[in-house]
Amino acid sequence: MEKVGNSKGNEPTGALLVVERSDGPVYLAKWRRSGRQVKRRVGPAWLERTADGSRWTPRRGRVQEGYFDEKRATVRMAELIAEHDQQEQAIEARERERRQRGVSFREVAAEWIEYLQRERGAKPSTLSDYGYMLAEPGAPHRRGKGKSPGVLMAAFGNRPVAKVTTREVAEFLRKLDSEGVSPRSVNKYRQVLSAIFGFACRVDTHGLPSNPVAGTTKRREPPAAVLDFYEPEEVEMIASAAAQGSHRGAQPASLSAEEITLRAREDAQDGELFRLAAYTGLRLGELIALRWRDIDLAARRMVVHRAVSAGVEGPTKSWQARFLPLADPAAEALERLRARGEHTSREDYIFCSRLGRRLDPSAVRRRFKAARDAASLRPLRFHALRHAAGSLIARHADARFVQEFLGHSRITTTERYMHAKARPEDLERVNLAFAARPSSEQTRTKAYR
């Protein structure tokens, strides 16, 4: 080991080390900067062991290309020290500038997203939504040729979070109003801003004294649309249209017998998937994550503990497993699927491709829409099958049962189903309340008796 100083007196001095590797000796440079030790590889050393193996000595002949003798290694070490010092000075300068101007909204937004992912375990679809809202202006969409408007970053990206005022946020929200942005979308932007500034207020982040969004006004949104859903007979119409292949449209006459058989199996599976969605209330992400190990047909029960979100399989939306009783139509659909003779082992997906792989949710939605149209039914989304399950059960069960059945985290979400359609006994109640009354003449006669 040789200790060598470099030309600048204010730069650290280094030491060359010789380390033996499997492919021969290597020069390493070691030095300290600001109390921290730094090591860098210089390169292969033009050295060999002495006869007794006690030390290194220069090899004979001219130094080959790619190798270093002690002189060249010393020069290269000085270069490495200078390069590292320059990099560190640039980092320190940026940090000083950052401290002077304050951390920007863009930086805090990135920290918040990482916090949601690492500490809060946010679902991929949630992170994707926030990522879209926090994209830079003009950033290309992941799909298609569209570009992000980047309104949040355009307004606040470079602003130090400590200098953003309530008035500034309010003016931003009013600008969205004037541009015709819906109250719901304005509130979503407001909610994201509030969450980011709330994160910056934490003592373990940036310790802002207050959240500037707190003093702004939440927009009044129009009431949610009345739930519309398919009745059981309509569900069967959609399932039958799928099973018959009506959602495929005209098929080429050149299809082989094997291809016709495979398509028929896919069509039958689509029909059972639509039935199970309506008779269990599972979300699409939960349906395509189901495996046969989750089903107990003998006990007429299933466990729902996995879901697919933005292409990633993980916990359910509520992060809780739930056990569902299987109604007869749901159990019968599963029994038909198990009888197909393939992809029915414990680890297999219940709804799968020809190769046993997990289904693509966007493809399932497309096939549902085609089957719905083939059945000549009103244009409701795939999620209406879940609405059907919740609303139909709400006719015969209390809110707590419906909440647990659908896997809602909040009872307020469930209450929407409780008022979707009147239950049969409700008609009896109102008829009893407004039963025929005696006439006014009868009432006066009775009063004078």
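General remarks:
- The string of couplings for the range 316-325 from the Karplus curve (6.51, -1.76, 1.60, θ = phi - 60°) is 5, 4, 8, 6, 10, 7, 9, 9, 10, x Hz, one whole number per residue in order, with x for Gly and Pro.
- Ranking of Met302, Met237 by solvent-accessible surface, largest first: Met237, Met302 (1.4 Å probe, protein heavy atoms only, all chains present).
- To put it simply, the accessible area of the range 155-198 at a 1.4 Å probe is 47 percent carbon and sulfur.
- Here Glu347 and Lys71 are evaluated by their C-beta separation; at R0 = 60 Å the FRET efficiency comes out at 0.40.
- When its C-alpha radius of gyration is set against 2.2 N^0.38 Å (N residues), the range 103-182 gives a value of 1.19.
- Along the range 62-79 the Karplus relation, 6.51 cos²θ - 1.76 cosθ + 1.60 evaluated at θ = phi - 60°, assigns HN-Hα couplings of 6, 5, 6, 4, x, 9, 10, 8, 5, 5, 5, 4, 5, 5, 5, 4, 4, 5 Hz to successive residues, with x for each Gly and Pro.
- Förster-model FRET efficiency, 56 Å R0, Leu377 and Leu17, C-beta, rounded to 0.05: 0.15
- For the range 273-322, the Stokes-Einstein estimate of translational diffusion at 37 °C and a viscosity of 0.692 mPa s comes to 293 µm²/s, using the Kirkwood hydrodynamic radius over alpha-carbon pairs.
- Charges were assigned to the Cβ only: +1 to each Lys and Arg, -1 to each Asp and Glu. The resulting dipole of the range 54-159 about its Cα centre is roughly 360 debye.
- What the phi angles of the range 398-414 give under the Karplus curve with 6.51, -1.76 and 1.60, with θ = phi - 60°, is a coupling list of 7, 4, 5, 5, 4, 4, 5, 5, 8, x, 7, 6, 10, 5, 5, 5, 5 Hz, glycine and proline written as x.
- Residues whose amide H falls under 5 Å from that of Leu326, counting only those 5 or more places apart or on a different chain, are Arg301, Met302, with hydrogens built in the peptide plane.
- Projected over all directions and averaged, the alpha-carbon convex hull of the chain occupies 43.6 nm².
- Shape of the range 223-310, Cα gyration tensor, a/c cut at 1.5: oblate
- Only protein atoms count toward the accessible area here, which uses a 1.4 Å probe; on the range 308-397, the carbon and sulfur part of that area reaches 52 percent.
- On a per residue basis, the chain carries 60 Å² of accessible surface, using protein heavy atoms and a 1.4 Å probe.
- For the range 175-254: rounded, prolate or oblate by the Cα gyration tensor [a/c cutoff 1.5]: prolate
- Residues whose amide H lies under 5 Å from that of Ala45, counting only those 5 or more places away or on a different chain, are Val26, Tyr27, Phe68; hydrogens are built 1.01 Å from N in the peptide plane.
- The modelled label-to-label distance between Ala321 and Trp56, using points 7 Å beyond Cα along the C-beta direction, is 5.8 nm.
- Here each label is just a point 7 Å from Cα along the line to Cβ, and for Ala162 and Glu136 those points are 2.6 nm apart.
- Largest first and in whole Å, the equivalent-ellipsoid semi-axes of the range 322-425 read 28, 19, 14, each the square root of five times a Cα gyration tensor eigenvalue.
- Its Cα centre serving as origin, the chain has a Cβ charge dipole (Lys and Arg +1, Asp and Glu -1) of approximately 1120 debye.
- Put simply, the amide H of Tyr230, placed in the peptide plane, has neighbours under 5 Å in Ala388, leaving out anything fewer than 5 places away on its chain.
The values are calculated or read from the model by the stated rules, or taken from the named source; none is laboratory data. The structure presented is a predicted model; accordingly, all values stated were derived computationally and were not measured. Please note: Cβ atoms are built from the backbone with ideal geometry, for glycine as well, and neighbour counts cover all protein chains shown. What goes into the accessible areas is simple: the full protein's heavy atoms, side chains included, and nothing from ligands, DNA or RNA. Shrake-Rupley method; radii C 1.70, N 1.55, O 1.52, S 1.80 Å.
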